[in-house]
1. Go through the range 86-113 and count every residue that is over 20 Å from Ala64 (Cα atoms) and in contact with a helix residue (DSSP H, G or I) (Cβ under 6 Å, 6 or more places away or on another chain).
2. How about the range 75-102: which of its residues are touching a residue at least 60 places away in the same chain (Cβ under 8 Å) and surrounded by 14 or more Cβ atoms within 10 Å (Cβ to Cβ)?
3. Is there any pair with a first residue in the range 20-42 that is closer than 13 Å to Ala95 by Cβ and a second that is at pLDDT 85 or above and not in a helix (DSSP H, G or I) whose Cβ atoms are under 6 Å apart and which are 6 or more apart or on different chains, and what are they?
4. Of all the residues that make up the range 1-24, how many are surrounded by 11 or more Cβ atoms within 10 Å (Cβ to Cβ), outside any loop (DSSP other than H, G, I, E, B) and aliphatic (A, V, I, L, M)?
5. What is the one condition in (1) touching a helix residue (DSSP H, G or I) at 6+ places or on another chain (Cβ under 6 Å); (2) closer than 26 Å to Pro137 by Cβ; (3) not β-branched (Val, Ile, Thr) that Ser63 does not satisfy?
6. Let me spell it out: the conditions are (1) in a strand (DSSP E or B); (2) in contact (Cβ under 8 Å) with a residue 12 or more places away in the chain, and Pro106 meets all of them except one. Which number is the exception?
7. From the list Val20, Val40, Val99, exactly one residue is in contact with a Lys or Arg (Cβ under 8 Å, 6 or more places away or on another chain) and at pLDDT below 90. Which is it?
Amino acid sequence: MDGMQLLGLGRRLIELGRQVIDEAGPTAITPGEAAVIADVFRYPDCSVREIVARTGFAQSHVSASVSRLRERGLLETAADPADGRRTLVRLTDRARRAVRARADRPADEAIARAVADPDRARRVVALLDELARLLPPAKDGPRA
């Protein structure tokens, strides 16, 4: 497998993952808000500036998203105890449970739809399970 094949596989797996999560039911959040939630899920107690740096969104977009999500009870903010000028962002317990419920859905059905042959679909699931065990997650931040 070369780098381009790996990138293509990664994109296809992301598509399948999104299908699984989307099947959990509709959400009332925009894709940008979903990206902010995903970033805060991965990096709790972070600043808006840090979210901007990781997502590549404009500061105004992230600030507006954080404000809307806070109003809807999905994010909470607090002053940084080490530097009162900074505001830290984290998911609420309600949002964390919702993210977990969506993310923890099994992918077997989506894979079965993507791979028409049932035996091959089971093989793909088994190979992905094995790959998940063999390939450790990136060491780029805390996990929630």
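1. 8
2. Val99, Arg102
3. Cβ pairs passing all conditions: Val40/Val89; Val40/Leu91; Phe41/Leu91.
4. Selection size over the range 1-24: 5.
5. (2)
6. Pro106 satisfies all of (1) in a strand (DSSP E or B); (2) in contact (Cβ under 8 Å) with a residue 12 or more places away in the chain except (1).
7. Being in contact with a Lys or Arg (Cβ under 8 Å, 6 or more places away or on another chain) and at pLDDT below 90 holds for just one of Val20, Val40, Val99, which is Val20.
The values are calculated or read from the model by the stated rules, or taken from the named source; none is laboratory data. Because the structure is a prediction, the values reported are computed rather than measured. Cβ: placed from backbone, ideal geometry, glycine included. Neighbour counts: every protein chain shown.
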